[in-house]
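Structure first, then comments.
The values are calculated or read from the model by the stated rules, or taken from the named source; none is laboratory data. Since this is a predicted model, take the numbers as computed values, not measurements. Here Cβ is always computed from backbone atoms with ideal geometry, including for glycine, and neighbour counts include all displayed protein chains. These accessible areas exclude ligands, DNA and RNA; they are computed on the full protein's heavy atoms, side chains included. Shrake-Rupley method; radii C 1.70, N 1.55, O 1.52, S 1.80 Å.
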Amino acid sequence: ASLNQVGIGTFNIACLNIRSLQKHFEDIKTLISFQVEVICFQETWLDQDQPDKYNIPTFNLHLNSKGRGKGIATYFKSSYSHLLDVDEADLQITKISNKRMDIINIYRSQTNKTLNDHLRRMLNPEKPTIICGDLNCDLSDEQPDFGLTLNNLGFQKLNKKATQDMGRNIDCIFTNTILPWSVTIKQIGVGFSDHDLLLVNID
């Protein structure tokens, strides 16, 4: 199950629910050919952080592991630095930053009730920010409190199509309205996950 990279172009961020980093580590190496700066994975399924085992050349790696069906991995070029983590049993968040923007990678389990508070605390409304990840919630037919908070803080959801084989749009790319660049998204099905890959390009 490989990705066909012909004519895809260059992107800044790749976001994917990987459904086991260990199982799909070879598959994800193809993502580097997109020349991305940041790769955000959800559902890494790792019991503990073993960054040495999952390093990719030219990327820094920050793992936030919580076992089967959970956990996130954030790969980023050296222009970014790691700022903070949330590592609760039903919520993992990693925030990285460079001079021009913040990027936040989230995996939220369906039962989680704390995302709202964390968003209020960690979002800087004055700084261009991109939030990506699997929220386990289709905002088009559910009205969670964190959806309202994101709207109130000036964020909008960019991807509109279903991202999962079950037909739900639960993997999200949000940007805040002060983002001064135009953002385009490409959505691609990958053979090794039942979630689509979201590629974000910032001009």
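Quick look at the values:
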| item | result |
| --- | --- |
| Protection-proxy order for peptides 78-85, 128-135, 42-49, each taking the mean of Cβ atoms within 10 Å per residue, highest first | 128-135, 42-49, 78-85 |
| Segments 151-163, 16-28 sorted - mean Cβ within 10 Å per residue, highest first | 16-28, 151-163 |
| The range 63-203: C-alpha gyration tensor shape, a/c 1.5 cut-off, then a/b vs b/c | rounded |
| Peptides 165-173, 138-146 ordered by average Cβ neighbours within 10 Å, highest first | 165-173, 138-146 |
| Convex hull volume of the range 46-135 per residue (C-alpha atoms, cubic angstrom) | 89 |
| Rounded FRET efficiency, nearest 0.05, which uses the C-beta distance separating Asp90 from Asp47 and R0 of 22 Å | 0.85 |
| Unit charges at the beta carbon, dipole of the chain: most positive-side option, Pro180, Asn136, Val86 | Pro180 |
| Dipole magnitude (debye, nearest 20) for the chain, charges at Cβ of Lys, Arg, Asp, Glu | 360 |
| Per residue accessible area in Å² of the range 33-100, where ligands, DNA and RNA are left out and the probe is 1.4 Å | 45 |
| Farthest toward positive dipole pole in the chain [+1 Lys/Arg, -1 Asp/Glu at C-beta], among Ile96, Phe192, Gly147 | Ile96 |
